[in-house]
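Structure first, commentary second.
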Amino acid sequence: MTLSADVRADLLRMAEAFSPPEPQPEPPAVFDPFGWRLKARPIQLPPTGDYDVWYVRGGRGAGKTWTCANAFAELIVAHPGGEWGVVAPTLGDVRTTCFESQDSGLIRALGGRVGPGGELLERGPHILRWNRSTCELFLRDGGVVYGDGADDGALRLQGKNLRGVWADEIGLWKQWATAWDESIGFAVRKAPAKIIASGTPKAGRPGLALVKRLLTAALADPHGPTRTSLLHTRDNMANLAGAALTRMRLLEGTRLGRQELDGEVLDEADGALWTRDPDKAEREQLGLIVSERPEDLRVELLGRTVVALDPSDGEKDGDGVGFAVVAMHLDHRARVLHSADLLGDRALGPAAQVREARRLFDLHGADRVVVEKNHGGRWLVDLFRTLDPTLPVKVVDATQGKRTRAEPAAALYTRPGVVHVGDHEQLEDQLTSFTGAAGEPSPNALDALVWALTELRPTAPPAGGGEVVQHAYRDDDAPGGFVAWG
């Protein structure tokens, strides 16, 4: 049976009448991106006037993440259609803390809402789509927010034309120089070109150098391009659970509490073996860090020179790579010429460690490379023999704890028998924060320095006379396998 054209038209009209309507775009919700200011404490509000970097420093639970997420969302809404970046220690931190946090994430700050698994439940007035796998937040105005991890150098941001970046927990960044100076620094180049940084400073971590840089810049010019705000945990008590407050109160007045609750930058730890303070060094008989300018060093008076390597085990969570170059001077004092802690730099694999040792050996005209066998040194020694068989390498084996091995090295600084030539901020931070406490991160540059000094064994007498304490270390080349030194 064939239907006429009129009948087919009538049937089509009837079908359309009973068909469900086409899905319409979700209507924008009523949302005020500036409403967070009504809930914020005055210290949480962005600086007034023109600035390039705002560093929000504070204790745990002080409201840093909430502050930065909302301030960053405010910038995004005020400058539609651009590219933005969010960087945290790891990509997982970016995803779960910076974007998806139910209370203080960027998605929440932009009026959206995510579920327990990170699925976008509400888009709000500004969000178009959230790609959790690539860590990209697409906005209705055509803008996009890229996320990346600092421990990989935030390399994904390179080549982008960013209007701004939220840099979270910068004190924990392992590859902070690559992430901050190379990736973020060159990518933030479109107006308003602002960086909002946040975090709790961590003593002994590589990112502490970046924290100090920002604080120094802000102190030098309080109304300049770098600003800082300090949030205390105690000021946010109304938003914290009672059980959490009870645990936090137990830390009040302690060194850990000063760092984790008050956001203090702790340069020198109680119980550390070294100090920068001459009065404290004399009073407590600690190693005093003494420096001289490179231009004041008479290179022709340098004698035996050693490159020391505290190797990585090559594992993802290994404790990194430490280098130190130390030379003996005719005044019987050792000169520290180079120090580096390459913690987290996975680009420095086994072969690269050998190449770096050779580079330092040639650059400083060294006599020997000292490699610790413990941890990753066993396989590295074989690699030295394969890749660079002419390099004179000495293997040492640690038979004592780190603090025990460090004590005689620190004693040399009390004479003083060691002088730092040039800038060794990373090493000195490790020296003044290392206590040898259980669970304390391994100080790689410090370890390398100790092995270099152990090899050179400076013999300068203690100031004012006195008996030199003898210590022993393992030396496979020595009779009996041990050498005493003081």
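Each reported figure results from applying straightforward, stated rules to the coordinates on display, with no laboratory input. All figures in this text were calculated on a predicted structure; none of them were measured in a lab. Positions of Cβ are backbone-derived with ideal geometry, glycine not excepted, and every protein chain shown enters the neighbour counts.
Assorted remarks:
- Rounded to whole Hz, the Karplus (6.51, -1.76, 1.60) HN-Hα couplings of region 143-153, x for glycine and proline: x, 8, 10, 9, x, 7, x, 6, 5, 9, x
- With N the number of residues in region 35-260, Rg(Cα) / (2.2 N^0.38 Å) evaluates to 0.97.
- Cβ-based net charge around L309, under 10 Å, with every Lys or Arg adding one and every Asp or Glu removing one: -4
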